[in-house]
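The values are calculated or read from the model by the stated rules, or taken from the named source; none is laboratory data. Small disclaimer: the values here were computed from a predicted structure and weren't measured. Please note: Cβ atoms are built from the backbone with ideal geometry, for glycine as well, and neighbour counts cover all protein chains shown. The accessibility values were calculated without ligands, DNA or RNA, using every heavy atom of the protein model including side chains. Shrake-Rupley method; radii C 1.70, N 1.55, O 1.52, S 1.80 Å.
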Amino acid sequence: MHQPEIKRAIVLAGGGARGAYEAGVLSYLLEDLPRELGRPIDFDIVCGTSVGAIHAAFLAATADVEEGRGHALKEIWERLRVDEIFQFGLRDFLRIPKRMIGVRRVARRLHEGQRPDRLYGLLDTQPLERLVLDSIPWRGIRRNLRNDRLEAVCIATTQIATGHAVIFVEQKERALPDWANQDSVRMQPIRLSPMHALASAAIPMLFPAVRLGSRYYADGGLRLNTPLAPAVRLGANRVLVIGTGTKDVANINEELAQQRTEGFGNPMFLAGKVLNALMLSPVDADLARLRLINRFIDNASQTYGDDFLARVNATAATTEDHRPMQKIHDLVVRPSEDLGVLAGQLLANSRDQFSLSPFLRLVMRMLGSGAEARESDLLSYLLFDHAYSRPLIDLGYRDAMAQRDELAAFFSDDPL
C-alpha cells in the first residue's frame, strides 16, 4: 500500500503559568532528543493556544536555529518573578471599584464607534507583553516559512462578538483548503504578529481582550485550548500534543473529591475550578475520534483491499466537500502530576520563596489554609515565578523523557 508523505504537527495547549511544563517538554525535544537520535527534529505545522500560542510562535521563529533554543526557552521561564510580572499594588487594589465603573465608560465609547486597543482586564499585562515582544524574533516566522523550514503556524483565539474559535494561520501561500471553514472553528490566513499571540493568551477578566482589526479577541482556550483541528485540516498525519492537564481527572479518590466539594464555598477555589472547566478542553474526545477513524480505515482496508482509501478519496474529489481522508497518528505528552496540586503544595511549604504582589497575596488569603488551599488551580495559571516554573520544567522534561521510545518513532521516517 502507498505510504503518504509524512507531515508532522505539534499542538501546544494553553494554561498560563502552567506553560512552564510545556517548556520542560520542549527542552527535551529540542535539545536532548536530537542528540540521542543523531539528527535534528522538525515540525511541518505548529499550532498553539494561549501560552501554547506564544510557544508556537517561538518554535516557528527559531526553526532555523539548530542548537540552544530549548535552553533559551527554559531560561525565559526560570527568570520569571511574579512580583515583576503582576505589578498590582495596594493603590491598584483600591482603584478596583473605580475601574469597574470605568467599564461603563468603555461600553459608551464602543457604542459611539470608538475602538480602544484593549478591553477591560483586572491585571496590567504590560510586563508579560514586553516579555513576548522581546523573547521571540518575530520576523523569523516569515523567513522560516519562505525557506520551507515549516509549512504553517496556527494561533487559536476566541472572537468575543461571536464566541467562535478563530484560528489565525500564516503559511507560505495564503490560500487555505476549501474545507478549512466548515463549522464554528474558522481559520483565517494572515501575517502573524505579537498581537495575535497576546490575544490568544488574554484570560477573560484577568487580562484585557485585544483588538485585531475591528474585532476583539480573548483566550483561545475558551473554545479550543488544545488546537488539534487546525493541524488536521492542514493535512498533518502525525500529531504531537503537549497538554497542561492530567488525563484521569475523573478518577480521583474519594478523599480528594470530598475536599473539593468542601472547597466550593471558597470563591477563589471555585474560580480555579471554573477556569479549569473553561480552559482545559476535552482533547481526549478529539483524539478518540481520530483513533476511531484510524480503526475504520484499517478494517475497511482489510475488507475491501489496500486501495480502499485511495478509491474513497478519488470519489470524494468529485464532490463539493472533497476533504481527503487519511490515517492520523497521535502522541500525547501531558503532566503525570496535577499542576494545581503542585501549586498548592509549593505555596503551603515554600511560601517564603515568593515575593508576591498584593493581588496574589489577596488571592492566597482568600484561599485560606484549609484543604482547598492545598489545590490552587487559580494560582497554577497565575504563578509566573521561577519557584513554580522550575519544578514544572523538571516535570515536563521527565514526562517527555519517559516517552523517549514513542517520540523516537514519531520522528522517524518509518511507518507507524
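Listed conditions (1) small (Gly, Ala, Ser); (2) modelled with pLDDT of 85 or more; (3) in a helix (DSSP H, G or I); (4) crowded, with 23+ Cβ neighbours inside 10 Å are all met by residue 272, apart from (2).
At pLDDT 85 or above, farther than 28 Å from residue 228 by Cβ, of a type in the set (Lys, Arg) and touching a helix residue (DSSP H, G or I) at 6+ places or on another chain (Cβ under 8 Å) - does that describe any residue in region 80-88? No, that holds for no residue.
Among the conditions (1) open to solvent by 10 Å² or more (accessible area, probe 1.4 Å); (2) hydrophobic (A, V, I, L, M, F, W, C); (3) closer than 19 Å to residue 79 by Cα; (4) at pLDDT 80 or above, the only one that residue 354 does not satisfy is (4). Taking region 282-309 as the range and being modelled with pLDDT of 85 or more, outside any helix (DSSP H, G or I) and open to solvent by 50 Å² or more (accessible area, probe 1.4 Å) as the test, the residues that pass are 306, 307. Would you confirm whether any residue within region 144-155 is buried (at least 23 other Cβ atoms within 10 Å of the Cβ), at pLDDT 90 or above, part of a strand (DSSP E or B) and not aliphatic (A, V, I, L, M)? Yes: one or more hits. Return the pairs, sorted by first residue and then second, in which the second residue is among the basic types (Lys, Arg), the first residue lies in region 397-416 and is open to solvent by less than 80 Å² (accessible area, probe 1.4 Å), the beta carbons are less than 9 Å apart, and the residues are 6+ apart or on different chains. So the pair list comes out as 397/74; 399/334; 410/8; 410/238; 411/8; 411/39; 411/238.
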